[in-house]
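Colleague: What follows is a structure written as structure tokens; I'll ask about it next.
The values are calculated or read from the model by the stated rules, or taken from the named source; none is laboratory data. Keep in mind that what you see is a predicted model, and the values were worked out from it rather than measured. Note that we place each Cβ from the backbone using ideal geometry, even for glycine, and neighbour counts take in every protein chain shown. Please note that ligands, DNA and RNA were not included when accessible areas were found on the heavy atoms of the full protein model with its side chains. Shrake-Rupley method; radii C 1.70, N 1.55, O 1.52, S 1.80 Å.
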Amino acid sequence: MVFIKEREMEIPGVDFGELDGENRSKTMSLLDHACDKWGFFMVDNHGIDKELMEKVKKMINSHYEEHLKEEFYQSEMVKALSEGKTSDADWESSFFISHKPTSNICKIPNISEELSKTMDEYVSQLHKFAESLSKLMCENLGLDEEDMMKAFSGSKGPAFGTKVAKYPECPRPELMRGLREHTDAGGIILLLQDDQVPGLEFFKDGKWVPIPPSKNNTIFVNTGDQVEILSNGRYKSVVHRVMTVKQGSRLSIATFYNPAGDAIISPAPKLLYPSGFRFQDYLKLYSTTKFGDKGLRLETMKKMENGHSA
């Protein structure tokens, strides 16, 4: 396990290159710990082409400089800040690309054909990684490996989209957030972020934990509200924010593996305790299974709850 130390808080890192060897069990345990106790972690050896990741970052930065930067600094929010006024707004320049079930990338203003093709190639690899990660999470939760994928599917399969954001230099960082405190509404979030400029922070154990820039194109992962619901509260979504800085413009390419709009979300049945039973029925079963496996006893109670005999 790799740890990045910052202000006396260690951010967990998981090496996915260890999943196919003798260290698989240990790596799965580290992944479970990161999901259970943190809700965010770094992933290396994720299998995504790192040269492609560099190309994506370079092209997005160029797109911002050529088409978005001037518009941002001419906005009313920027003018108000220059006068010392703040607003309920975020100091960011962003747009959203939908990939699945349908793509809208051709409708994004000023997106070049080369950038569109590069993003499609990157997202194709990232989607495979997201599905693999969802299966590993399910395995650690004691679910069938495709349970999350099925829960997210709806009628057209899980949704997949990317928020592309730049957090420009801010003359008054004490007055503005890049992005205000929030949890993510969706499922699994995969972040390709700046390798130089900081700003992302997560709240853990009463402290704001700064997430350092990503070196060597590691992917930063966090879990959203729907994973918390599906896991019956075991894998919690975590409050986070983006701080502004005076020097440097931070890049964030956050891709969301989310439920489809018509997906029906609920805790996975396997993770729920039995409910609505009479205690005397439980005692009757307990009297014959006291020294047996508790899990099997609870599963029997679930079946009784659903109308099956013990």
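Colleague: Considering only the range 132-239, give the strands (runs of 3 or more DSSP E) lying wholly within it that have at least 2 residues that are of a type in the set (Phe, Trp, Tyr).
Modeller: So the answer is 159-167, 200-204.
Colleague: Kindly check whether there is at least one residue in the range 6-29 that is under 18 Å from Ser252 (Cβ atoms), open to solvent by less than 30 Å² (accessible area, probe 1.4 Å) and modelled with pLDDT of 95 or more.
Modeller: no
Colleague: Can you tell me how many residues in the range 95-107 are open to solvent by 80 Å² or more (accessible area, probe 1.4 Å) and either in contact (Cβ under 8 Å) with a residue 60 or more places away in the chain or within 20 Å of the chain's Cα centre (by Cα) (or both)?
Modeller: Residues in the range 95-107 being open to solvent by 80 Å² or more (accessible area, probe 1.4 Å) and either in contact (Cβ under 8 Å) with a residue 60 or more places away in the chain or within 20 Å of the chain's Cα centre (by Cα) (or both): 2 in total.
Colleague: Restricting to the range 81-104, name every residue that is at pLDDT 90 or above, of a type outside the set (D, E, K, R) and under 20 Å from Ser249 (Cα atoms).
Modeller: Leu81, Trp91, Ser93, Ser94, Phe95, Phe96
Colleague: With respect to Glu201, determine if the residue is of a type in the set (Asp, Glu) and touching a His at 6+ places or on another chain (Cβ under 8 Å). Reasoning before the result, please.
Modeller: Numbers: of a type in the set (Asp, Glu): yes; touching a His at 6+ places or on another chain (Cβ under 8 Å): yes.
Taking the combined requirement at face value, the residue satisfies it.
Colleague: Which of the residues that make up the range 50-94 are open to solvent by 70 Å² or more (accessible area, probe 1.4 Å) and among the polar types (S, T, N, Q)?
Modeller: Within the range 50-94, Gln74, Ser82, Thr86 qualify.
Colleague: I would also like to ask the following. Any residue in the range 27-48 that is among the charged types (D, E, K, R) sitting within a Cβ distance under 7 Å of a residue that is assigned to a loop (DSSP other than H, G, I, E, B)? List the pairs, counting only those 6 or more apart or interchain.
Modeller: Asp36/Arg234; Asp36/Tyr235; Asp44/Thr218
Colleague: Does any residue of the range 108-120 turn out to be open to solvent by less than 20 Å² (accessible area, probe 1.4 Å), in contact (Cβ under 8 Å) with a residue 40 or more places away in the chain and more than 30 Å from Phe72 (Cβ to Cβ)?
Modeller: For the range 108-120, residues open to solvent by less than 20 Å² (accessible area, probe 1.4 Å), in contact (Cβ under 8 Å) with a residue 40 or more places away in the chain and more than 30 Å from Phe72 (Cβ to Cβ): absent.
Colleague: Select from the range 66-87 the residues that are part of a helix (DSSP H, G or I) and basic (Lys, Arg) and list them in ascending order. First the steps, then the outcome.
Modeller: Filtering the range 66-87 down to residues part of a helix (DSSP H, G or I) leaves 66-73, 76-82.
Within the range 66-87, Lys69, Lys79 qualify.
Colleague: Can you confirm whether Ile264 is open to solvent by 80 Å² or more (accessible area, probe 1.4 Å), within 30 Å of Phe202 (Cβ to Cβ) and among the hydrophobic types (A, V, I, L, M, F, W, C)? Break it down stepwise before answering.
Modeller: On the way: open to solvent by 80 Å² or more (accessible area, probe 1.4 Å): yes; within 30 Å of Phe202 (Cβ to Cβ): yes; among the hydrophobic types (A, V, I, L, M, F, W, C): yes.
Yes.
Colleague: Sort out which residues of the range 271-281 are surrounded by 13 or more Cβ atoms within 10 Å (Cβ to Cβ) and at pLDDT below 90, and write them in order of number.
Modeller: Once the filter is applied, which keeps residues that are surrounded by 13 or more Cβ atoms within 10 Å (Cβ to Cβ) and at pLDDT below 90, the range 271-281 yields Pro274, Phe277.
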